Amino acid sequence: MIRVENVSKVYSTRRGPHTVLDRVSFELERGRNMGILGRNGAGKSTLIRLISGAEQPTGGHIRRDMSVSWPLAFGGAFQPHMTGLDNLKFVCRIYGVDWKPLVPFVEDFTELGVYFREPVFHYSHGMLTRLAFALSMAIEFDCFLIDEAMVVGDVRFHERCHVELFHKRKDRAFILVTHDANVIKLYCERASVLHEGKLHPFDTVDAAYDYYTKHVVHDLG
């Protein structure tokens, strides 16, 4: 179970405090999933980082009774002067996992070739994202956090990502954040809408889509 309880996030700006998330609450059980719809800049990625523990909330609590991934394809914690292989070893040490059996999978999935053993500061953004996604799949979690920004590379690579995540790990919990209602409809059993710092939960994806269309997309128009 993941419990997000009255979580707020406030950033300091030159114009004063800016509230991105305002007392957000929800629960997610093992093996279940949910989508979070919101326009660009609504705070979706911020919420994902808070749930992962990459950032701390300004207020409220997040309780995790199952293992939670970092945001998929997030490479912000990589050590730039270490190779891709060394970063794999480093992440495995953090999670108490033997790195040796994971090397063939990561090498094959990333298709980095000789760059797998080169410092990651030589990598393009796409190469970094492929490495981060591969590490996310190599280390198993009870719940995966999926940001729409994970989509990189060509169509074939997208398909490989979807197979690994939504087919091979279909028994896992996940939270998917996006501004694309079609993605939510395709993968999620229920959805919420993040708008103006507030999270609006719905029992069905269709109900969330209707609200999103009327109160978010319409307002932007």
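The values are calculated or read from the model by the stated rules, or taken from the named source; none is laboratory data. A quick note: this is a predicted structure, and the numbers were derived from the prediction, not measured. FYI the Cβ positions are ideal-geometry reconstructions off the backbone, even for glycines, and counts take in every protein chain you see. Note: areas computed on protein heavy atoms with side chains; ligands, DNA, RNA excluded. Shrake-Rupley method; radii C 1.70, N 1.55, O 1.52, S 1.80 Å.
Details
- T46 accessible area, 1.4 Å probe, all protein chains in place, Å² to nearest 10: 10
- Subtracting the Cα-Cα distance of E55 and Y11 from 0.36 nm times their residue separation leaves 14.7 nm of extension gain.
- Rounded to the nearest Hz, the phi-derived 3J(HN,Hα) couplings of region 205-215 under the Karplus curve 6.51 cos²θ - 1.76 cosθ + 1.60 (θ = phi - 60°) are 5, 4, 5, 5, 5, 4, 5, 4, 5, 7, 9, where x marks glycine and proline.
- The heavy atoms of H81 offer some 150 square angstrom of accessible surface to a 1.4 angstrom probe.
- The computed semi-axes √(5λ) of the Cα gyration tensor in Å for the structure shown corresponds, within [x] 30, 19, 17; [y] 27, 21, 15; [z] 33, 19, 16, to [x].
- Largest accessible area first, the residues D142, D147, D65 order themselves as D65, D142, D147 under a 1.4 Å probe with ligands, DNA and RNA left out.
- 16 Å Cα-Cα reach of K89 towards aspartates and glutamates, excluding residues that sit fewer than 8 places from it in its own chain: D98, E107, E118, E140
- Using a Förster distance of 30 Å, the FRET efficiency for K168-D203 (Cβ separation, nearest 0.05): 0.60
- Projected label distance in nm at V97 and R156, using a 7 Å step from Cα toward the beta-carbon: 2.5
- Percent of beta bridges antiparallel (DSSP, the chain, rounded to nearest 5): 55
- Extension gain from F121 to L186, taking 0.36 nm per residue of separation minus the Cα-Cα distance: 19.9 nm
- Residues with amide H under 5 Å from that of E118, placed H, sequence gap 5 or more: G84, L85
- Region 12-54 versus region 153-221: alpha-carbon centroid distance in Å: 14
- For V20, solvent-accessible area (1.4 Å; no DNA, RNA or ligand), Å²: 20
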